[in-house]
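What follows is a single structure, written as structure tokens, with notes after it.
Read the figures in this text as sums done on the coordinates, not as results from a lab. Nothing here was measured: the structure is a model prediction, and the numbers come from that model. So basically every Cβ, Gly included, is an ideal-geometry build from the backbone, and we count neighbours across all protein chains shown.
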Amino acid sequence: MEKKLLIIYTGGTIGMVKDPDTNSLKPFEFDKMYLWVPELKKFEFKVEYLSFAPPVDSSMMDPAIWIKLAVLIEDNYHNYEGFVILHGTDTMAYTASALSFLMHNLNKPVILTGSQLPMGAIRTDGKENLLTALQIASAQKNGQALVPEVCIYFQDKLFRGNRTTKYNAEHFHPFRSDNYPALAEVGIHIKYNYPYIRYGTDEGHFHVSRKMDTAIALIKIFPGMTPWVLNALLQAEGIKAVVLETYGSGNAPTHKWFLDALEGATKRGLIIVNVTQCLAGSVEMWRYETGLRLSNLGVISGHDMTTEAAVTKAMYLLANSSNPLEIKENMGKSLKGEISH
């Protein structure tokens, strides 16, 4: 049987070319993809594609689109060996994280990639990113996909999607995964980091969840933060969970008004998850008194989760569980490899 891969183009720079008449960027027609990327003809597998119409700028991504993507993959799951999602870089880490939580019993690669320069540019990084993402998505051994995860591939690194953060707006290396090793490194050869790749143990059929709850807030503390700002966010109508970005290893002010606001929120049933503002490192609320006080108030440690993973995980759990204790327990433990322990 012929091996097939599916490209899903959502939008983003990688799918753009320069209009010779207006000199502006426009989406290229994917039925002419072989004209822009003739190297595709050299692959031993067939590449098919689906394209969002119209394309969605990554700054307009939202949970409804994440669910649409998950359902698209579910509908096509048995027809393809792997999937490559072309996506704008700005919210790619959010989309990759969300998909990792929405998909269950995944045993095929779902690789997101994009580019910093459009496909038609002389120095585009899009062509190499696309070709390598496809090659990784097709890689198998004894019928088993080498990387059966939701991943982000860019330049020469393959990262677990829910461990990734965009940190640079102009380099060809826009993403980092400081708390987890790359799953593969690409040079002359593609070197897979097998001990760190997540191979599923569940034998159930692949399926996706179709609900996310956006009743959350993201609060980044800062020196000089005022009580009315914090209280306005914690008491926002309908809010159910808060991702709290704290300093260092999970530290926050110990002003009475600050602790009282958090205590009042947790007593009202608000779920508060503590993640660090740092790119690398983990929340360890037992390390300093300031963090210990948060723990005593019922704030949950997010350990070394990225903000993107914590936000999308909270949306997923709130929508798919009605038990607050279960949600709190699951926020603090690894479900899809997003936490190191």
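Tabulated data for the structure shown
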read-out	value
Relative contact order (%) - the chain, alpha-carbon pairs under 8 angstrom, separation at least six	15
Built amide H within the under 5 Å cut-off of C278, gap 5+	G248
Additional length obtainable on full extension of the chain from R210 to Q144, 0.36 nm per residue less Cα span	21.1 nm
Distant-in-sequence amide H partners of V17 (H built 1.01 Å from N, under 5 Å)	K26, F28
Over the stretch 182-264, equivalent-ellipsoid semi-axes from the Cα gyration tensor in Å	40, 21, 11
Phi-based couplings in Hz for the stretch 74-81 (Karplus 6.51, -1.76, 1.60; Gly and Pro marked x)	4, 5, 10, 4, 8, 9, 9, 7
Test item: Cα-centred dipole of the chain, Lys/Arg +1 and Asp/Glu -1 on Cβ, debye	320
Rg over Rh [alpha-carbon atoms, Kirkwood Rh] for the chain	1.00
From phi via Karplus (6.51, -1.76, 1.60), per-residue ³J(HN,Hα) for the stretch 117-131 in Hz, x at Gly/Pro	10, x, 4, x, 6, 4, 9, 4, 8, x, 5, 5, 4, 5, 5
Residues whose placed amide H lies under 5 Å from that of L112, excluding near-sequence neighbours	I85, C151, I152, Y153
Sequence of E338, E289, E128, E237 once ranked by neighbouring C-beta atoms within 10 Å, starting from the fewest	E237, E289, E128, E338
Rounded, prolate or oblate (a/c below 1.5 giving rounded, otherwise prolate when a/b exceeds b/c) for the stretch 278-341 by Cα gyration tensor	oblate
Residue order, fewest to most surrounding Cβ atoms within 10 angstrom, among Y94, Y34	Y34, Y94
Taking C151, C278 and counting other C-beta atoms within 10 Å, the order from fewest to most	C278, C151
